Amino acid sequence: MIDKNRMTEHAMELIRIDSLSRMEREVALRLEKEMKELGAECFYDAAGEKVGGNVGNLIVSLEGNKSGAPPLLLSAHMDTVGPGEGIKPRVENGVMKSDGTTILGSDDKSGIAVIVEVLRTLREKNIPHGDIEIAFTICEEIGLLGAKHIDISKFRSKHGIVLDSSTPARLVLKCPSAAKMEFLVHGLEAHAGLCPENGISAIEIASRAIAQMRLGRIDDITTANIGIIEGGRATNIVPNLVHVVGEARSHNEEKLDSQVSHMRGCFHDTVSKYEVTLHDDLSADGVTYTARLDEKIERTYDRMDVPLTSIPARLVTGAVNNLGYSIAPHTSGGGCDANFFNKMGVECVNLGTGMYELHTVNEHLVLEEFYRAAEIVLEAVRLNTVNGG
């Protein structure tokens, strides 16, 4: 029932529009035009201002043609990771990919294309449906910031489907909580060739602290990573400042707190061991300098744990069964906008669209799964209408 060729071309057109995080305006304007052509109402919230972006979340409301059916939320994010400028999508043997110099951007332009195709099919085929509310969000890739700052009071939906995962053969019901950690290590500058003993190397301190950490796969539900290290100005200067950024994730709150405490402790314990006393003619006892640590710890997002018996899960699994496909519940190690929607009271599941090897230049979209995702969402909308109306 969906138009596969149109859906593919639309995804490729969206992919060609650059939309790195905080720079989603052009793709938002394109979507706004398309939504209004379908008769939907559109507005932008203030999330862009709150996160320093050039546009807010695009909120869309499409009036239903069947009374009594409950509203349903659909969502996908507009931003991509880098390298994501000048993407050149192409299709080979049923797979969409880039030219290998950039990511593809199917994360999450494929989710957007699924939603748009579903709406177009509903209108063209005059399929009965209730009100459909859509959140095209910003800044998902840098901490789910668009969803974090969305004005949830603008939605009437109590359940929904987010399109932002890999295969539609899995239904994401569980995502972890995550914490971000920033550490600023202060040392003491000195000439690295003339008097290195007069300095305190912030890079050495950070290196020793990180070397003590448990990182990577901590257990089956907990992970940790150091992702950014910045510091130093020249090879002949003992560096006095290093900026380190890391994260921890877990499906268990106590384990997350324990991992964050462990990573913090590695920095605090290491910093406390570094000091140097410098002597000059003015002070017989000398002046003692100690290393210092500034830190910022913040919760990025809270975990989601949606039961398989929930309304959105039953809509998706019912649609899959009706279409003759198969699907299995899945626990993810990554977060998604559904983390925040669930926390805000809109129960959401996350359905895949056929995108793989995300955040790499090998990212690709399996078109058969891409089309299947649209069919599933279309059937879920129909079931929502029948069951609710």
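The values are calculated or read from the model by the stated rules, or taken from the named source; none is laboratory data. Quick caveat, the model's predicted, so the values are computed rather than measured. Cβ: placed from backbone, ideal geometry, glycine included. Neighbour counts: every protein chain shown. Heavy atoms of the whole protein, side chains included, go into the accessibility calculation; ligands, DNA and RNA do not. Shrake-Rupley method; radii C 1.70, N 1.55, O 1.52, S 1.80 Å.
A few notes on this one:
- Between Lys154, Lys125, Lys148, the distinction of being open to solvent by 40 Å² or more (accessible area, probe 1.4 Å) and over 26 Å from Ser67 (Cα atoms) belongs to Lys148 only.
Here is a yes/no grid of residues against (1) within 30 Å of Asp305 (Cα to Cα); (2) out of contact with any strand residue (DSSP E or B) (no Cβ under 6 Å at 6 or more places or on another chain); (3) touching a residue at least 12 places away in the same chain (Cβ under 8 Å):
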residue: Glu182; (1), (2), (3): yes, no, yes
residue: Leu194; (1), (2), (3): no, yes, no
residue: Glu197; (1), (2), (3): no, yes, yes
residue: Ile200; (1), (2), (3): no, no, yes
residue: Asn225; (1), (2), (3): yes, no, yes
residue: Glu254; (1), (2), (3): yes, yes, no
residue: Arg264; (1), (2), (3): yes, yes, yes
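- Selection count where residues are assigned to a loop (DSSP other than H, G, I, E, B) and among the β-branched types (Val, Ile, Thr), scope the range 60-101: 3
- Contact map, the range 292-303: residues that are at negative phi paired with residues that are among the basic types (Lys, Arg) and open to solvent by less than 70 Å² (accessible area, probe 1.4 Å), Cβ distance under 9 Å, separation 6+ or inter-chain. Pairs shown: Thr300/Arg249; Arg303/Arg249.
For (1) surrounded by 20 or more Cβ atoms within 10 Å (Cβ to Cβ); (2) in contact with a helix residue (DSSP H, G or I) (Cβ under 7 Å, 6 or more places away or on another chain); (3) under 29 Å from Ser250 (Cα atoms), each residue gets a yes or a no:
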position: Thr290; (1), (2), (3): no, no, no
position: Glu295; (1), (2), (3): no, yes, yes
position: Thr309; (1), (2), (3): no, no, yes
position: Leu315; (1), (2), (3): yes, yes, yes
position: Gly334; (1), (2), (3): no, no, yes
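- Within the range 377-389, the set of residues being open to solvent by less than 30 Å² (accessible area, probe 1.4 Å) and more than 23 Å from the chain's Cα centre (by Cα) comprises Leu378, Glu379, Ala380, Val381, Leu383, Asn384, Thr385.
- Boolean, Val95 is more than 25 Å from Ala135 (Cα to Cα) and open to solvent by 10 Å² or more (accessible area, probe 1.4 Å): yes
- Qualifying positions in the range 168-178 - open to solvent by 20 Å² or more (accessible area, probe 1.4 Å) and over 20 Å from Asp220 (Cα atoms): Ala169
- Ile228 vs. criteria among the aliphatic types (A, V, I, L, M), open to solvent by 70 Å² or more (accessible area, probe 1.4 Å) and at pLDDT 95 or above: yes
- Of the numbered criteria (1) over 27 Å from Gln259 (Cβ atoms); (2) surrounded by fewer than 16 Cβ atoms within 10 Å (Cβ to Cβ), the one Ala135 fails is (2).
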